[in-house]
Amino acid sequence: MTARTVVPLQSRVPEVAEGGAVGLIGHSDSDPWTAYTLAELLTRAERLPTFVVPNLLARGMNLYSGQPKAGKSCVAVNLVHAAVTGDEFLGAHRLVREDGTGVFRRVLVLSTEIGGDLEYGERLRDLGTPLDTTALQVLNLHEPLDRDRWAVLAHQIRADAETLVVLDNLTMAGEEDLTDEKSVRTVMDGLGRMVRSGATVVVVAHESDWGGAQKSRPLGHTVISSSVRCKVSIAKPHPDDDENLTLTSKGNRQRTHVTRLRRGACEAELTVVEETEAEELAEQRTARKRARDEGTKDRNREIAEAVVRDCQGMNQSQVAAHLAEKFALKVTTAATNLSRGAQYGALLVRDGSSWSLGAS
C-alpha cells in the first residue's frame, strides 16, 4: 500500500511577490476547502442562479416543513416528478434552463420513514412518472448515519450541479432527537457535503406544534433553520381541508412569499392557484391594521358616548359595571380604562359623577 504524502499547507502558499502581492492559494481533491477568485465566483453565480424556482427552490439547502399530514411529502413528490419528467412543478414551474435542457439529470430520495420509500413509489406512479426511468433512485436509510457514513454516502452519490437530493424526513435521520445539536449537525453537515459538490437539497421536516408565533418553526435545534437557504412552511388552510395547501416561503432576505395550491385527482397532483409577493403581503397587513385601528377608534367612541348618555350620576365603579354588561367587557378592564384614561377613558372628562366628552 502506497503511503499518502501530506503536503504542508505552508508549502503550497507562494512567497510574497515583489511589491507586496500575495500569490493565490490552490486546492486539490484531498483539501477540505475550495478556493475561488472573484471572477470565478461571479461566473458560477451566472451559471447557477440563486433560485431554481423563485421563492420555492434555491440552489443549496432547502427546508420544506409542516405539521404531520400537512402535505410536505406531496410537495416533495411533485418536485421529484417534475425533475425526472420535465413536467411543471406545481403545474406552474418548468425545471429547465434557458436552452431548454433539464436543470436536474439525476434525483435521489433519501427515505428514513418505515414504508416511506413505498409511499414515494405509489405517489410517483399515480402522477405518471415512467416506471423505467433511470434518473431516479430511492435510498431507504435503515438506520441513522454517523458522520463517517454520511461522508461515505456523499462520496458514493458524487453529486453535482445537476443532482437533486430529497431527505424525507429529518426526524428519523438523526441518531438522537432533533433537539440534540451534535445529532442535527451530523445530518446537516452530511447533506452539506452534497451541497458543496453542487447538489440542490430539500429537507422535509416536521414543525413545532406550539401555538402563536412558534407554530411554523421547524421542530428541533436552531441549527436546522440556520443551515438552509430557503424555508417553505406547508400547511392546510383548515385542519379538515384536504383539497388546498398554503406554502409560505422565506429566503435569505426573510421576504415572505405565499403560494396557494389545489389538489387534483391524486394526493401529489398540486397546482398553483394564487401567488402573493412580499410587497403585496405587506400592503395587506398594513390595510388590515388600519382597519383594526379604525374599528377600535369607532368602538371607543361608541362606548364613551354611551357613558355620557347613560351614566350621569354614577361613580366609576357603577359605570364600569354598566359597560361590562352593555358591551360584554370585563368589569376590571372597564374600571382600569376609566381610571387611567385609556382607550374610551381617554375620550371622557369626569367631574364627580358627571361625565362628558373631551376634545377628540
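The values are calculated or read from the model by the stated rules, or taken from the named source; none is laboratory data. Since the model is a prediction, treat every value here as computed from it, not as a measurement. Heads up, the Cβs are rebuilt from the backbone with ideal geometry, glycines too, and the neighbour counts pull from every protein chain shown.
Per-structure values
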read-out: Check on Arg59, farther than 23 Å from Leu170 by Cβ and of a type in the set (Lys, Arg); value: no
read-out: Per-region count, the stretch 61-89, residues surrounded by fewer than 20 Cβ atoms within 10 Å (Cβ to Cβ), within 20 Å of Arg105 (Cα to Cα) and not charged (D, E, K, R); value: 2
read-out: Test result for Ala334, within 42 Å of the chain's Cα centre (by Cα) and surrounded by 15 or more Cβ atoms within 10 Å (Cβ to Cβ); value: yes
read-out: Residue check, Val138 touching a residue at least 60 places away in the same chain (Cβ under 8 Å), in a strand (DSSP E or B) and within 19 Å of Cys266 (Cβ to Cβ); value: no
read-out: Pair list, Cβ under 6 Å, 6 or more apart: the stretch 106-120 residue under 11 Å from Leu167 (Cβ atoms), other residue among the small types (Gly, Ala, Ser); value: Thr112/Ala173
read-out: Qualifying position, being β-branched (Val, Ile, Thr), more than 21 Å from Ser225 (Cα to Cα) and assigned by TED's automatic domain parsing to the domain that holds Val52, among Thr171, Thr179, Thr163; value: Thr163
read-out: Selection status of Ala199, surrounded by 21 or more Cβ atoms within 10 Å (Cβ to Cβ) and in the same structural domain as Thr248 (by TED's automatic domain parsing); value: yes
read-out: Any hit, the stretch 136-158, residues being within 18 Å of Ala58 (Cα to Cα) and out of contact with any helix residue (DSSP H, G or I) (no Cβ under 7 Å at 6 or more places or on another chain); value: no
read-out: Number of the exception - Glu176 against (1) modelled with pLDDT of 90 or more; (2) not in a strand (DSSP E or B); value: (1)
read-out: Where a residue in the stretch 149-175 is closer than 23 Å to Leu95 by Cα and its partner, wherever it lies, is hydrophobic (A, V, I, L, M, F, W, C) and surrounded by fewer than 18 Cβ atoms within 10 Å (Cβ to Cβ), with Cβ under 7 Å and at least six apart; value: Ala161/Leu48
read-out: Complete set of residues in the stretch 98-129 that are under 13 Å from Ala83 (Cβ atoms) and either of a type outside the set (Phe, Trp, Tyr) or surrounded by fewer than 20 Cβ atoms within 10 Å (Cβ to Cβ) (or both); value: Thr101, Gly102, Val103, Arg105, Arg106, Val107, Leu108, Val109, Leu124, Leu127, Thr129
read-out: Test: Leu127 is of a type in the set (A, V, I, L, M, F, W, C) and either touching a helix residue (DSSP H, G or I) at 6+ places or on another chain (Cβ under 8 Å) or not assigned by TED's automatic domain parsing to the domain that holds Val272 (or both); value: yes
read-out: Residue check, Leu136 closer than 22 Å to Ala199 by Cα and among the aliphatic types (A, V, I, L, M); value: yes
